[in-house]
Number of protein chains: 2
Amino acid sequence: MKSTILQALDQVRPERLPVWFMRQAGRSLPEYRKLRRGTTMLDSCLIPEMAAEITLQPVRRHDVDAAIFFSDIMIPLRLAGVDVEIQPGVGPVLENPIRTRAEVEKLPAPTFEDASMITAALKIIRDELSAHKALLGFAGAPFTLAAYMVEGRPSKDHLRARALMYADPKTWDQLMTWAAKVSNLFLKVQVDAGADAVQLFDSWAGSLSRNSYVSHVLPYSKMTLEGVAGPRIHFGTNTAPFLDAMAEVGVNAIGVDHRTPLDEAAKLVPGLTLQGNIDPAMLFAGEDALHGHALDVIQRGQRAPAHIVNLGHGVPKDADPGVLTELVAFIHSLTPEQLNAEHEGVSI
Amino acid sequence: MKSTILQALDQVRPERLPVWFMRQAGRSLPEYRKLRRGTTMLDSCLIPEMAAEITLQPVRRHDVDAAIFFSDIMIPLRLAGVDVEIQPGVGPVLENPIRTRAEVEKLPAPTFEDASMITAALKIIRDELSAHKALLGFAGAPFTLAAYMVEGRPSKDHLRARALMYADPKTWDQLMTWAAKVSNLFLKVQVDAGADAVQLFDSWAGSLSRNSYVSHVLPYSKMTLEGVAGPRIHFGTNTAPFLDAMAEVGVNAIGVDHRTPLDEAAKLVPGLTLQGNIDPAMLFAGEDALHGHALDVIQRGQRAPAHIVNLGHGVPKDADPGVLTELVAFIHSLTPEQLNAEHEGVSI
């Protein structure tokens, strides 16, 4: 029988509501921090046994319905030969930011010399993961990759990425095509190695106007998913004004951040499964507030064909893992009557 | 005769299109960096001659139509006796974050022991500023203040502020009321000393859902403007989903970030003057792209009763001041025919 996540991605409502958390693997877990000690972030993604173990840790601990492959959206750059590192407390840093036509043209070919460590990690996970859990692959969408590549490091406003987009559309096209190709390859490697479905993250798309997104970003996100087998989820934050456009990349489900209630999102992307959107802040608000809010999210999610419960963004690094475990148990315990009741939950 | 900014705030279209820039005073100007050397940010706001000079620098250099008082949204906290500092490269840092009922109750009374340095600075500016330039006062909206107070420092997600809002509405009410009172006082001091109009900044409101904004934030922003004489502008970023709710605080104009085209914003807040919304990224995109974009913004702005040209967010610290000066001259040079032409500008 298909896992509950895959049922939901087929727009079928499974018997038990499926739940997983973005960033469930990683820094919020003590067993992760222990295992990672002495290994850089990107290296840990490239050691098959370590990446597999980190992927499985939150599944064992929280009983979530999906494992999401532990990796980083910068890994395809590294595999293509770009000099990128994740600096602790900072984020992705490129030795040489890519801002001009000449710099884009000097990028290595968008191919991987060797992705066997990704394949090996996924095979370990696939072997250990029980059949009723889904294994999710993922990649960063080209805009989010390009934003890092142009800025050279995390930035609040992505000004230089947008400036390049406006000032030199041809160079922008080359850069975005490159980013789409490496993310596309990364997704295919994961699916070939056993991922059941994939999520495309466009974390920074919310810094764009709808027009900019549609003209300068959407075509490349589509390109990223070309030829990728299996169901797809697409997620961004601050993208309420163009959630419908994001759905045009060709997906089964849209991930929604905490800002847009799911009943409203269901109207914006009719026919699609919704994923989300518990406010991560609620993890710090105590059990009563968290349960009330989760119930509200779930009841609103009934307006979509199917719903995969998740947070509206990644697990905060200082979240209490016990709160997440308890939240999964609460969600799994909900009865059909509770799911369908109206106005029982607490709106935020 | 009224300055062009004040005409626009009265919903009258002045003969020449008015323009100013958020953060026009400050770090982008070499004369500012020179003057500030050796003085902390908050101290520089509290030395009348220095605050006045910094306020006037961009008016002299760029010929913008408004001076905005050089200060900081944290100044009302300092004037009320809260231990706050602006750390270079970080932002506002509170010695003691305010997260519990007990900590809120220990806040000093929301009154100023001495605001004479604010009054003195504004009187110097008023004396030196030509009559056809507007003098704008400003304050931070309570949510943005509370976000800093609860986190204790700048934060991307404001998780702890939202957690307090959800978990303990009574403490939230006390904190927001306190913040509203000090910002209200700060605005009144500025208007009494000669500010022609005020802008209320709610920079972080975009981290909220519409429901959260309406229930937990809007009433306190209204409170902040109670009894403040003169026209008001209200600005936030990432607030497209509740721009109409922001207008309910009682304002003459709404500041719009670069994500929402002004013709769409005009439909969301009919009858109000619009301010904005040149994408700051365009300052790095070259003159052709910048002019094309500015023209598009201005032509879309014709759908509002009046338009005050501005950026969609603050001047980036590494912006070239020469680009800003040239942009003001370009905007002032536009003929009525150019303003009213359709589809001449370049959409982003």
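Just a few scattered comments:
- Total residues in the stretch A:203-223, condition polar (S, T, N, Q), open to solvent by less than 40 Å² (accessible area, probe 1.4 Å) and farther than 13 Å from A:P241 by Cβ: 2
- For the stretch A:204-225, a residue qualifies if it is of a type in the set (S, T, N, Q) and in a loop (DSSP other than H, G, I, E, B), and exactly one does: A:S209.
- Test result for B:P316, modelled with pLDDT under 95 and either under 27 Å from A:K156 (Cα atoms) or polar (S, T, N, Q) (or both): no
- Entirely in the stretch B:1-87, the helices (runs of 4 or more DSSP H) that have 2 or more residues that are acidic (D, E) and open to solvent by 40 Å² or more (accessible area, probe 1.4 Å): B:48-62
- Applying the criterion of being part of a loop (DSSP other than H, G, I, E, B) and touching a residue at least 24 places away in the same chain (Cβ under 8 Å) to the residues of the stretch B:125-138, the residue that is surrounded by the fewest Cβ atoms within 10 Å (Cβ to Cβ) is B:A131.
- Flag if B:L122 is farther than 30 Å from A:G89 by Cβ and crowded, with 16+ Cβ neighbours inside 10 Å: yes
- Helices (runs of 4 or more DSSP H) wholly inside the stretch B:226-304 that include at least 3 residues being charged (D, E, K, R) and either within 14 Å of another protein chain (Cβ to nearest Cβ) or surrounded by 24 or more Cβ atoms within 10 Å (Cβ to Cβ) (or both): B:262-268, B:287-301
- Residues in the stretch B:305-318 that are surrounded by fewer than 23 Cβ atoms within 10 Å (Cβ to Cβ) and either outside any loop (DSSP other than H, G, I, E, B) or basic (K, R) (or both): 1 in all.
- Test: residue in the stretch A:141-153 that is modelled with pLDDT of 95 or more, in contact with a Leu (Cβ under 8 Å, 6 or more places away or on another chain) and open to solvent by 60 Å² or more (accessible area, probe 1.4 Å): no
- Residue list for the stretch B:187-202, filter: in contact (Cβ under 8 Å) with a residue 60 or more places away in the chain, touching a Ser or Thr at 6+ places or on another chain (Cβ under 8 Å) and buried (at least 19 other Cβ atoms within 10 Å of the Cβ): B:V189, B:A193, B:D196, B:L200, B:F201, B:D202
- Pick from the stretch A:139-184, criterion of a type in the set (G, A, S) and part of a loop (DSSP other than H, G, I, E, B), ranking: nearest to the other protein chains (Cβ to nearest Cβ): A:S155
- Test: residue in the stretch B:192-200 that is charged (D, E, K, R), under 30 Å from A:H313 (Cα atoms) and either within 14 Å of chain A (Cβ to nearest Cβ) or in a helix (DSSP H, G or I) (or both): no
- Selection count where residues are open to solvent by less than 80 Å² (accessible area, probe 1.4 Å) and not small (G, A, S), scope the stretch A:88-110: 12
The values are calculated or read from the model by the stated rules, or taken from the named source; none is laboratory data. Remember, predicted model here, so these are calculated numbers, not experimental data. A quick note on method: Cβ atoms are made from the backbone with ideal geometry, for glycine too, and the neighbour counts reach across all protein chains shown. Ligands, DNA and RNA are stripped out before the accessible areas are found, and what is left, the full protein with its side chains, is counted by its heavy atoms. Shrake-Rupley method; radii C 1.70, N 1.55, O 1.52, S 1.80 Å.
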